[in-house]
Amino acid sequence: MRLERDEVLLLSDILQRYQADFYARFRKLLRPVVGNFLPISLQSYLDELRELRAELDGLPDQQGEIDDRFASLLRHAVIVQRLVIANDVEARRVRAIHPDVLEELDVYLMAYTALLNAEWFEQAPPTHIPQLTEFFPIEVIDAELASSRGEQPARRYDEKFHILQAPELLLSDFSRVRDAAAVRGISVALAYLDLDRFRDFNAEYGEPYIDRHVLPSLMRRIEAHVYLRGHAYRIGGDKYCVLLNNASEHEALDSMNRLREAIAALTYEGCTTTTTVSIGVVVVQPECHFTGHEIEQAAAHAKDYAKRAGRNCVASYRTQFLREQDLYVLGSSTVHHALSLEPRRTLMP
């Protein structure tokens, strides 16, 4: 694989930080048990990282060809470090308001975007990376994750209806669940739900009726659907998010399609109008470089796509790159086809 000068400089920096973070993570748990001893498989992986760094450093004029076998290692390092940088940028953004400062923060991620769009990155196959679960009991890992996060925030319900979780819990819950799932090599899902034509519904029946008879019943249905599987959050008057723990792509899409059907089947006292929802779903694999905020935005974007597709349907992405052209719609009559990633209807070329 050929790398240009800018790529080599950035990849060398990424690899150095990734290597240090990876080593520190294992050493922190290994040292109390075996001192300075490193298992052979772990030592071999670290040796491979050193070999890759040496090959990058040895390129003439800091550009040229490196062995294709290193592409998967570089891909993984980029994903891990991009997520670290993106989370840091998001934390900094909330403390700034001036456009120049915000623009400067965006620059930090632009170089990573170029790497993510590189041909070698998309073509590099996944590779096995030593996992904490191969060396330590889950109890030890979970305790370490909890310690690094600090105390879990107390559960809070939305301040108006007290049925679903408060919106400010969403991203902290997602981070906690995502970390625990990644350790186990499993995926989680985030869905964004929006009532269809809610403004017209509200105008016809009035806000007092909607708040008393419609929204509480609808939210109870959402809460019951995700009970013991995750959490549901009231984001706004007609918008909700669902976090599904340990959900594969098939399970997440099937679950949200069944929830869509259950909501459409609800009836309300003195009302002949049917409530339907448009849903956007993002399934987050362990190796995902997007932040929680970016994933929430992607789910909201998929929800908007579902609305443009005719409403009362579920939309998701074909790949983990979460691009516009990857969006597709899942229909109730074609659920099994859609779950195998065959689109019922697409709006983008």
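Each reported figure results from applying straightforward, stated rules to the coordinates on display, with no laboratory input. Everything numeric here is computed off the predicted structure, so don't read it as measured data. Don't worry about glycine lacking a Cβ; one is built from the backbone with ideal geometry, like all the others, and counts go over all protein chains shown.
The table below lists the values:
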| read-out | value |
| --- | --- |
| Alpha-carbon Rg with Dmax, taken over region 167-339, Å | 15.7, 50 |
| Within straight-line cross-link reach of Lys303, lysines at Cα separation under 17 Å, skipping those fewer than 8 residues along the same chain | Lys239 |
| Ellipsoid semi-axes in whole angstrom, largest first, where each is sqrt(5λ) of the Cα gyration tensor of region 212-286 | 24, 12, 10 |
| Largest-first principal axis extents, alpha carbons of region 55-94, Å | 41, 22, 10 |
| Unit charges on C-beta of K, R, D, E only; dipole of the chain, Debye | 1140 debye |
| Equivalent-ellipsoid semi-axes of region 100-239, from the Cα gyration tensor, Å, largest first | 37, 24, 16 |
| Projected-area mean, region 1-107, by convex hull of Cα positions, square nanometres | 8.8 nm² |
| Value of relative contact order over the chain, rounded to a whole percent, pairs C-alpha under 8 Å and six or more apart | 14 percent |
| Packing-based ranking, highest mean first, of 195-201, 39-45, 100-106, 77-83 given that Cβ atoms within 10 Å are counted | 77-83, 195-201, 39-45, 100-106 |
| Zero-based 10 Å bins, Cα pair distances in the chain, whole percents | 5, 21, 28, 25, 14, 5, 2, 0 |
| Values of log10 I(q)/I(0), in the order q = 0.10, 0.15, 0.19 Å⁻¹, for region 39-160 under a Debye, Cα-only, solvent-free model | -0.53, -1.01, -1.19 |
| Modelled label reach - Asp304, point 7 Å along Cα→Cβ, region 228-248 residues with backbone N closer than 19 Å | 235-242 |
| Normalised contact order of region 147-266, rounded percent, pairs of Cα under 8 Å and 6 or more residues apart | 33 percent |
| Local electrostatic count, Lys303, Cβ distance below 9 Å [Lys/Arg +1, Asp/Glu -1] | 0 |
| Extension gain from Ala224 to Arg155, taking 0.36 nm per residue of separation minus the Cα-Cα distance | 23.2 nm |
| Partner aspartates and glutamates for Lys28 [C-alpha distance under 13 Å; skip if fewer than 8 residues away on the same chain] | Glu144 |
| Contour excess over end-to-end distance, with Cα ends at Leu9 and Lys28 and 0.36 nm allotted per residue | 3.9 nm |
| Mean ellipticity per residue at 222 nm, deg cm²/dmol - from DSSP H runs of n ≥ 4 across the chain, formula -39500 (n - 2.57) | -17000 deg cm²/dmol |
| Protection proxy ranking, peptides 178-187, 88-97, average beta carbon neighbours within 10 Å, highest first | 178-187, 88-97 |
| Extension reserve of the Asp106-Asn36 stretch, reckoned as 0.36 nm per residue once the Cα distance is removed | 21.2 nm |
